[in-house]
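Structure first, then comments.
The values are calculated or read from the model by the stated rules, or taken from the named source; none is laboratory data. All values reported here derive from a predicted model rather than from experimental measurement. Using ideal geometry, Cβ is built from the backbone for each residue, glycine included, and neighbour counts are taken over all protein chains shown. Side chains are part of the model used for accessible areas, which takes the heavy atoms of the whole protein and leaves out ligands, DNA and RNA. Shrake-Rupley method; radii C 1.70, N 1.55, O 1.52, S 1.80 Å.
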Amino acid sequence: MRTQVVIVGGGPSGLLLGQLLHRKGIDAVVLERKTRDYVLGRIRAGILEQGFVSLLREAGAAERMEREAFIHDGTIISYDDAQFGIDFKKHTGTSVVLYGQTEVTRDLYDARAAVGAKTVFEAADVAIHGADTDAPYVTYVKDGREERIDCDFVAGCDGFHGVSRQTIPESVRTDYEKVYPFGWLGILSETPPVNDELIYANSTRGFALCSMRNANLSRYYIQCSLSDHVEDWSDQAFWDELRRRIPAEAADRLVTGPSIEKSIAPLRSFVTEPMRWGRLFLCGDAAHIVPPTGAKGLNTAASDVHYLYHGLLQWYEEKDAEGIDRYSEKALARIWKAERFSWWMTSLLHRFPDQDPFDLKMQRAELEFLRDSDAAQAALAQNYVGLPY
Ligand code: RFL
Ligand code: PHB
């Protein structure tokens, strides 16, 4: 078969791109390795920038989000037993939206199904051919049969462990990576959130984050060791540790309950350059990873989608290659700033195993500067709500 754009990966970036293209009459097929339920079972991001929200609206998939999402005008930072707020609204005139990645993905799948766009689930052995020619094609195996799709372009939206990035020869690519010496243990529980704004906590026992999905669904994370296993952490042990890391008055009102999901995510910063090889374009986690501390992963995926979507539109509607030719450069300029912010938030809030007394004093001074400086708070707010596209 033939289509205009093959999208490898049915996560949020692939689905968003597919839906935007579809609304402009550009044909795209999404190839997803897993089942729909598997993709929807992954609990990930919670915070959306306004840029993401606008794209979701443009994709015609924002209706439920407009009804159900929560607007967050600020956040709380705590250290030891002190805490202060960062007012996004005051510093930037805007806010962020709390709406889970699972819900975004569900809405995009539903929107895709409603318009009859083609998604192939359980597409195995996806391989991209001729990406550096004018006639790329993608092969995959479905129900034991090999299929082939010829196309104009391939969008590699298949996450960090996908095939798209690996398709670009190592001689063309430069990878930049930093692996952090800890992970995040996260749980989801059907309990009311401890606070109406998120709490990012730096404690002597390590980082903790209090987040949520709705009025009766809480999401909490604690920094853990990379050698920890989920099975080692009973719910009780998690709650006890969380209580020790957050401000005492929050710990006192914390409502606990059984976890309905529990997982460990390692923390990593990663960027590959360039994000284009011939007619293959990398989007989202396929090209870059951030530690979740700045809530930027899904949001940087969305800014890639924005640049690629507009580049492809320019190609199809105006026969102009400028947008796709400058895709990598434009996307990377924004990504490196989100990488910097995520690295900085991570460094500010976590305990590192090799931190010496001087490093701890530096971290403390930085927290106190942030607490006392309007300019420092404005810089955090500006990055958190999202830099312009
Ligand atoms: P995804 O979501 O990984 O989707 C890629 C899809 O491609 C499929 N795939 C393949 N399909 C076909 N053939 C292959 N060979 C394939 N290989 C893989 C996969 O099955 C999958 O369905 O990448 P995408 O779309 O780029 O989206 C990126 C986001 O998922 C990610 O950046 C965020 O979840 C990161 N993140 C956060 N981002 C935010 O913006 N705000 C947050 O608050 C936030 N919190 C988080 C996070 C990530 C976390 N974890 C678990 C890493 C919190 C956590 C704990
Ligand atoms: C989440 O709600 O899952 C979440 C929120 C903020 C972050 C990371 C994760 O920085």
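Please go through region 16-39 and give me each residue that is out of contact with any strand residue (DSSP E or B) (no Cβ under 7 Å at 6 or more places or on another chain), within 10 Å of ligand 1 (Cβ to nearest atom) and assigned to a helix (DSSP H, G or I), ordered by number.
Leu16, Arg36, Tyr38, Val39
Which condition does Ser203 not pass, out of (1) in contact with a Lys or Arg (Cβ under 6 Å, 6 or more places away or on another chain); (2) closer than 30 Å to Gly278 by Cβ, if it passes all the others?
Every condition holds for Ser203 apart from (2).
Based on what the data block shows, is Arg340 free of Cβ contacts under 8 Å to residues at least 12 places away in the same chain, surrounded by 14 or more Cβ atoms within 10 Å (Cβ to Cβ) and not hydrophobic (A, V, I, L, M, F, W, C)? Can you show your working first?
Details: free of Cβ contacts under 8 Å to residues at least 12 places away in the same chain: yes; surrounded by 14 or more Cβ atoms within 10 Å (Cβ to Cβ): yes; not hydrophobic (A, V, I, L, M, F, W, C): yes.
Yes, satisfied.
What helices (runs of 4 or more DSSP H), lying completely within region 280-355, carry at least 3 residues that are within 16 Å of ligand 2 (Cβ to nearest atom)?
So the answer is 297-318, 327-349.
Suppose the filter is within 22 Å of His288 (Cα to Cα), open to solvent by 10 Å² or more (accessible area, probe 1.4 Å) and among the β-branched types (Val, Ile, Thr); does Ile71 pass it?
So Ile71 fails the test.
Within region 164-194, track down each residue that is among the aliphatic types (A, V, I, L, M) and within 16 Å of ligand 2 (Cβ to nearest atom).
Leu185, Ile187, Leu188, Val194, listed by residue number.
Hey, any hits in region 239-248 for a residue that's modelled with pLDDT of 95 or more and outside any helix (DSSP H, G or I)?
Scanning region 239-248 turns up at least one residue that is modelled with pLDDT of 95 or more and outside any helix (DSSP H, G or I).
Looking at (1) over 16 Å from His22 (Cα atoms); (2) open to solvent by 50 Å² or more (accessible area, probe 1.4 Å); (3) in a helix (DSSP H, G or I), which is the one condition that is false for Asp125?
(3)
Can you name the condition, by its number, that Gly323 falls short on among (1) in contact (Cβ under 8 Å) with a residue 24 or more places away in the chain; (2) in contact with a Gly (Cβ under 7 Å, 6 or more places away or on another chain)?
(1)
How do the helices (runs of 4 or more DSSP H) wholly within region 44-119 filter down when requiring 2 or more residues that are over 30 Å from Glu249 (Cβ atoms), modelled with pLDDT of 95 or more and not assigned by TED's automatic domain parsing to the domain that holds Asp372: which remain?
On the way: elements: 50-58, 63-68, 88-92, 101-114.
Helices (runs of 4 or more DSSP H) meeting the threshold: 50-58, 63-68, 101-114.
Is one or more of the residues making up region 292-299 open to solvent by 30 Å² or more (accessible area, probe 1.4 Å), assigned by TED's automatic domain parsing to the domain that holds Leu55 and modelled with pLDDT of 95 or more? Before the answer, list the steps.
First, pick out the residues of region 292-299 that are open to solvent by 30 Å² or more (accessible area, probe 1.4 Å): 292.
This time we only want the ones that are assigned by TED's automatic domain parsing to the domain that holds Leu55, so: 292.
Retained after the next criterion (residues that are modelled with pLDDT of 95 or more): 292.
Yes: one or more hits.
Working carefully through the options Asp196, Asp134, Asp158, Asp143, find the one that is open to solvent by 60 Å² or more (accessible area, probe 1.4 Å), among the acidic types (Asp, Glu) and under 26 Å from the mean Cα position of the chain (by Cα).
Asp196 is the lone residue from the list that is open to solvent by 60 Å² or more (accessible area, probe 1.4 Å), among the acidic types (Asp, Glu) and under 26 Å from the mean Cα position of the chain (by Cα).
Can you confirm whether Val163 is open to solvent by 40 Å² or more (accessible area, probe 1.4 Å) and within 27 Å of Asn299 (Cβ to Cβ)?
When the stated conditions are applied, Val163 passes them.
Applying the selection to region 48-65, what residues are within 15 Å of Ser13 (Cα to Cα), in contact (Cβ under 8 Å) with a residue 60 or more places away in the chain and open to solvent by 10 Å² or more (accessible area, probe 1.4 Å)?
Listed by number, the list holds a single entry, Gly51.
Inspect region 121-137 for any residue being in contact (Cβ under 8 Å) with a residue 60 or more places away in the chain, among the aromatic types (Phe, Trp, Tyr) and within 11 Å of ligand 1 (Cβ to nearest atom) and give the result as yes or no.
Yes, region 121-137 contains at least one residue that is in contact (Cβ under 8 Å) with a residue 60 or more places away in the chain, among the aromatic types (Phe, Trp, Tyr) and within 11 Å of ligand 1 (Cβ to nearest atom).
What is the number of the single condition among (1) open to solvent by 10 Å² or more (accessible area, probe 1.4 Å); (2) within 21 Å of the chain's Cα centre (by Cα); (3) closer than 21 Å to Ser211 by Cα; (4) of a type in the set (S, T, N, Q) that Thr105 does not meet?
Result: Thr105 passes all but (1).
In region 145-181, what count of residues is obtained for those that are more than 16 Å from ligand 1 (Cβ to nearest atom) and in contact (Cβ under 8 Å) with a residue 40 or more places away in the chain?
Of the residues in region 145-181, 10 are more than 16 Å from ligand 1 (Cβ to nearest atom) and in contact (Cβ under 8 Å) with a residue 40 or more places away in the chain.
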